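Novice: Pasting in a structure now, in structure tokens, and then I'll have a few things to ask.
Just so it is clear, none of the values below were taken in a lab; they were calculated from the coordinates. Worth saying up front: this structure is predicted, and the values here are computed from it rather than measured. As a convention, Cβ positions derive from the backbone with ideal geometry for all residues, glycine included, and neighbour counts pool all protein chains shown.
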Amino acid sequence: VGMLRVSAVMAGLGNDETIMNSSIKPFISPVLEVFEGMALEELLVKMQEESEPFAVLTDEYGGTAGIVTLEDIMEVIVGDMEEAKGPKGIRKVAANHFIMAGSEPLIEVEETLGIAIDSHGVHTLSGWMLLERFDLEAGDEIEYEGYRFIVRSMNKNSIRQVEVKWKKEHPVKSED
């Protein structure tokens, strides 16, 4: 049908509080729809021309195949934008307390924590955690080898940032 822009609703709300009881129809704007086979460069130009931050992809049957954002396109061109902005690698917060990127190689995680992680063919912290429990969401945690691995943020279906703490009921391990 279209897209509801929250900014338009909020701007209208500033002028008239009765908007909250009215139809959303006046706030719906058209959505850029493109064929899923469109070339990436052509899509980028079209999105720039129409000042649209995303497009709905349609398949050969006219159904919705998904959406693509301007950020998705930029990540194809220059790499993962979130990881570039966010914390990288492993950051020590305190003794036995770390913030780790989900993309951190398991070998680095094992070395930092002094534990062996049974990885079954995955190579990153995010991959291992999702292997342990695929339905993880921000705030969920996994306990393993005396540590709590807490999901702090996600990017679609991958874990972006993990907080790792030694469980409180165990004594604090000595620092290296």
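Novice: Please list 3J(HN,Hα) in residue order for the stretch 112-120, calculated via the Karplus relation 6.51 cos²θ - 1.76 cosθ + 1.60 where θ = phi - 60°; whole Hz, with x for glycine and proline.
Specialist: With coefficients 6.51, -1.76 and 1.60, one gets 5, 8, x, 10, 9, 10, 6, 9, 6 Hz.
Novice: Sticking with this structure for a sec: Mind putting a number on the dipole of the stretch 82-166 about its Cα centre? Charges go on the C-beta only, +1 for Lys and Arg and -1 for Asp and Glu, and I need it in Debye to the nearest 20. The partial results should precede the final answer.
Specialist: On the way: 10 positive and 15 negative charges, 84 e Å.
Using only the charged Cβ atoms, the result is roughly 400 debye.
Novice: Between 96, 21, 157, which gets the highest mean-square fluctuation from a Gaussian network model of the chain, Cα cutoff 10 Å?
Specialist: In this elastic network of the chain, the residue with the biggest mean-square fluctuation among 96, 21, 157 is 21.
Novice: Quick one: length gained pulling residue 112 to residue 51 fully straight, 0.36 nm per residue minus the C-alpha distance? Provide the component values of the computation, followed by the final result.
Specialist: Values: separation 61, 0.36 × 61 = 21.96 nm, distance 4.52 nm.
Extra length from residue 112 to residue 51 when fully extended: 17.4 nm.
Novice: At a Förster radius of 25 Å, what calculated FRET efficiency corresponds to the Cβ-Cβ distance of residue 69 and residue 17, to the nearest 0.05?
Specialist: Working: r = 32 Å, r/R0 = 1.29.
Given R0 = 25 Å and the Cβ-Cβ separation, E is 0.20.
Novice: Continuing with the same structure: Using only the alpha-carbon atoms of the chain, report the extent along each of the three principal axes, biggest first, to the nearest angstrom.
Specialist: 61, 44, 27
Novice: Could you tell me how far the Cα centroid of the stretch 115-155 sits from the Cα centroid of the stretch 1-78, in Å?
Specialist: First find each Cα centre; the distance between them is then 33 Å.
Novice: So, one more: Tell me the label-point distance for the pair residue 10, residue 77, using the 7 Å Cα-to-Cβ offset, in nm and rounded to one decimal.
Specialist: 2.7 nm
Novice: Given the -39500 (n - 2.57) contribution per DSSP H run of 4+ residues, what per-residue ellipticity at 222 nm results for the chain, rounded to the nearest 500 deg cm²/dmol? List each step's numbers first, then the result.
Specialist: On the way: 6 runs with 50 residues, N = 176.
Mean residue ellipticity at 222 nm (helix-derived): -8000 deg cm²/dmol.
Novice: Longest exposed-loop-site-free stretch of the chain, with chymotrypsin sites (Phe, Trp or Tyr not before Pro), DSSP loop and at most 15 other Cβ within 10 Å? Mind dumping the intermediate values first?
Specialist: Working: sites that count: 61, 134.
That would be 62-133.
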